[in-house]
1. If Y25 satisfies all but one of (1) assigned to a helix (DSSP H, G or I); (2) surrounded by 10 or more Cβ atoms within 10 Å (Cβ to Cβ); (3) modelled with pLDDT of 75 or more, what's the number of the condition it fails?
2. Yes or no: the stretch 48-70 includes at least one residue that is of a type outside the set (S, T, N, Q), assigned to a helix (DSSP H, G or I) and modelled with pLDDT under 80.
Amino acid sequence: MQSSLVECAKARRRDLVRSKVLADYWALTKPEVNFLILIAIFAGFCLARPVESYDFPFLFLVHTLVGVCW
């Protein structure tokens, strides 16, 4: 009985540590800051686009946003 309680406590602690590590990695990516950067890039992309272009270059915008994120 004692050994099963110890194993259960070890498993619980392992899960807690694993989730803490994932939370730390998520915090390091700074998703809020990256989102604000993408909004600024999108605004600059729209403002710098020539007026005489007929259609919006969605593929070029996607490539620009992905290039900025990576």
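1. Looking at each condition in turn, Y25 falls short on (2).
2. First, the residues of the stretch 48-70 that are of a type outside the set (S, T, N, Q): 48-52, 54-63, 65-70.
So of that shortlist, the ones also assigned to a helix (DSSP H, G or I) come out as 48, 58-63, 65-69.
Now narrow it down to the ones that are modelled with pLDDT under 80: 69.
Checked against the condition, which is being of a type outside the set (S, T, N, Q), assigned to a helix (DSSP H, G or I) and modelled with pLDDT under 80, the stretch 48-70 yields at least one hit.
The values are calculated or read from the model by the stated rules, or taken from the named source; none is laboratory data. Everything quoted here is computed from the prediction, not taken from an experiment. Here the Cβ is made from the backbone with ideal geometry for all residues, glycine too, and neighbour counts use every protein chain on show.
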